[in-house]
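*Asks:* Have a look at this one before I ask anything.
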Amino acid sequence: MTRQDALFNYVLKLGDQSLVYGHRMSEWCSKAPMLEEDLALTNIALDYIGRARAFLSYAAELEGKSRSEDDLAYKRGEREFYNNLMVELPIGDFAFTMARQFLLSSYEYFLFTGLAQSKDEKLAAIANKVIKEVRYHWTHSRDWLMRLGLGTSVSHEKLQRAIDELWIYTDELFETGPEDQLLKSAGIVFNMDEIKTVWTELVHSILKEIDITIPETTFSQTGSRLGIHTEHLGHLLAEMQYLVRAYPEARW
Amino acid sequence: MSKDTQLDLWEVFIQAKVGGNHVHAGSVHASDGKMALQNARDIYTRRNEGSSIWVVPSDCIVASTLSDTEMFFDPSADKIYRHPTFYVLPEGAKQI
């Protein structure tokens, strides 16, 4: 595998992550507990869709096979998507959504802070832009975690359940493969072990503050690097890709 | 009217450009100032309208009442000499 191929895979993965999660979050539209939060959640969803466009159009450019960002988004099957399993899980309840947003934004904060220093200029430019959104998502979800964690016994219990369910999906965020080594030695990506260390420290300290226990399990789900997903991704893609697949020439 | 069950009401003031006035934009529901600021940001500045936000609990606003309207505002209606239109503006002064 050449470095160009490795970079394509890496950027595609970042694009898939944003696209699938953005689509998932858009499911909150009209369903949030209050109007204000409805707009907040759909704003977040749109931030991710915008990010997906940036990464997927760059991936299309890197691939150089005249596939467009839309081809990558709408004309690949489930086994060709490389997003982490965590982002494809159903939206669940509000506590689950906020807990996932917090875990994810904490991860993205460190990931994109690193990528902003990447030797690949375009990747660095996108990361620099993204980091501002990430800081807002982080603050928004952290504040809700505080309210839910320190709120009533019901809100605390729902948040604890969410963290229990999500925890086995956290390890996968930090997985790397042999092709990442190529990018690491070229100064394009950075050490995921270091990111995992600071992420763990941050997440543990916030959860401790609100008396949420981290599950002791050492088991973790994996598979997305090989395109192996939970049962949920297929359903998501069916809905997302339906129109383009049924009416390939559709314009709007 | 049914009772508002969606947290407290806050008034939102948006400043479009640095140095300009904060102008009332509308209101949001929130349980605290932090949440009010974030909700205001998400509702009133998502199309790049803002550079600064103020939020104020609605019940902190003291408002004139309808019955005061005549007493408050009618007396100024015929005081044309209070308008600074009798002066010659210095050259170059755009806003006085």
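The values are calculated or read from the model by the stated rules, or taken from the named source; none is laboratory data. Quantities reported herein were computed from a predicted structural model and do not represent experimental measurements. As a convention, Cβ positions derive from the backbone with ideal geometry for all residues, glycine included, and neighbour counts pool all protein chains shown. Keep in mind that these areas ignore ligands, DNA and RNA; they rest on the heavy atoms of the full protein, side chains included. Shrake-Rupley method; radii C 1.70, N 1.55, O 1.52, S 1.80 Å.
*Asks:* Past 24 Å, Cα to Cα, is the threshold; run A:13/A:208; A:13/A:184; A:65/A:122; A:13/A:122; A:75/A:132; A:13/A:119 against it and keep the listed order. List each step's numbers first, then the result.
*Replies:* Numbers: A:13/A:208 32 Å; A:13/A:184 16 Å; A:65/A:122 19 Å; A:13/A:122 16 Å; A:75/A:132 30 Å; A:13/A:119 18 Å.
From A:13/A:208; A:13/A:184; A:65/A:122; A:13/A:122; A:75/A:132; A:13/A:119, over 24 Å: A:13/A:208; A:75/A:132.
*Asks:* Please list, in order along region B:14-28, the HN-Hα scalar couplings obtained from phi with the Karplus expression 6.51 cos²θ - 1.76 cosθ + 1.60 (θ = phi - 60°), rounded to whole Hz, x for Gly and Pro.
*Replies:* Once θ is set to phi - 60°, the couplings for region B:14-28 become 10, 9, 6, 10, 4, x, x, 6, 7, 10, 4, 10, x, 9, 9 Hz.
*Asks:* Quick one: angle between helix A:94-115 and the longest Cα principal axis of chain A, in degrees between 0 and 90, rounded to 10, please.
*Replies:* 50 degrees
*Asks:* Given a cut-off of under 8 Å on Cα pairs at least six residues apart, what relative contact order in percent is computed for chain B?
*Replies:* Value for chain B: 26 percent.
*Asks:* Follow-up. What is the helix-to-structure angle for A:192-209, meaning the angle in degrees between its Cα long axis and the longest Cα principal axis of chain A, kept from 0 to 90 and rounded to the nearest 10?
*Replies:* Its long axis makes an angle of about 20 degrees.
*Asks:* Where the only charges are on Cβ atoms (+1 Lys, Arg; -1 Asp, Glu), what is the dipole of region B:8-63 about its Cα centre, to the nearest 20 debye?
*Replies:* Charge dipole, region B:8-63, about its Cα centre: 320 debye, nearest 20.
*Asks:* What value, in deg cm²/dmol to 500, does the helix sum -39500 (n - 2.57) over DSSP H runs of n ≥ 4 give at 222 nm once divided by the residues of the protein assembly as shown?
*Replies:* -17500 deg cm²/dmol
*Asks:* Counting only protein heavy atoms and rolling a 1.4 Å probe, how much accessible area do B and A lose on contact, total for both sides, in Å² to 100?
*Replies:* So the total buried area for this chain pair works out to about 1300 Å².
*Asks:* Right, another one. Put +1 on the Cβ of every Lys and Arg and -1 on every Asp and Glu Cβ in region A:1-122; which of A:73, A:59, A:20 then has its Cα farthest towards the positive end of the dipole?
*Replies:* Working it through, the farthest residue towards the positive pole turns out to be A:59.
*Asks:* Additional query: For the protein assembly as shown, just the Cα atoms, rotate onto the principal axes and tell me the three extents in Å, largest first.
*Replies:* 84, 56, 43
*Asks:* Sticking with this one: Quick check for me: using +1 on Lys/Arg Cβ and -1 on Asp/Glu Cβ, what's the dipole size of chain B about its Cα centre, in debye to the nearest 20?
*Replies:* With only Lys, Arg, Asp and Glu charged at Cβ, the dipole is about 480 debye.
*Asks:* Continuing with this model, one more query. Give the carbon-plus-sulfur fraction of the accessible surface of chain A in %, rounded to a whole number; probe 1.4 Å, heavy atoms of protein chains only.
*Replies:* Accessible surface attributable to carbon and sulfur in chain A totals 54 percent.
*Asks:* Magnitude of the Cβ-charge dipole of chain A, K/R +1 and D/E -1, about the Cα centre, nearest 20 debye? Could the numbers behind the result be given before it?
*Replies:* On the way: 27 positive and 38 negative charges, 110 e Å.
Dipole size: approximately 540 debye.
*Asks:* While we're here: Any idea what the relative contact order of chain A is, in percent, if you count C-alpha pairs under 8 Å spaced at least 6 apart? Walk me through the intermediate numbers first.
*Replies:* On the way: 309 pairs, mean separation 62.6, N = 252.
Relative contact order here is 25 percent.
*Asks:* I would also like to ask the following. Which angle from 0 to 90°, rounded to the nearest 10, does the C-alpha axis of helix B:33-44 make with the longest principal axis of chain B?
*Replies:* It works out to around 70 degrees.
*Asks:* Please report how far the C-alpha centroid of region A:162-185 lies from that of region B:1-74, rounded to the nearest whole angstrom.
*Replies:* Each part's Cα centre sits 43 Å from the other's.
*Asks:* Could you tell me which trypsin sites (Lys or Arg not before Pro) in region B:53-96 are loop residues by DSSP with no more than 11 other beta carbons within 10 angstrom of their beta carbon?
*Replies:* B:79, B:94
*Asks:* Loop sites only, by DSSP: take the trypsin sites (Lys or Arg not before Pro) in chain A that have at most 15 other C-beta atoms within 10 Å and name the longest stretch containing none of them. Can you show the working numbers first?
*Replies:* Numbers: sites that count: A:31, A:65, A:67, A:75, A:119, A:251.
Answer from the scan: A:120-250.
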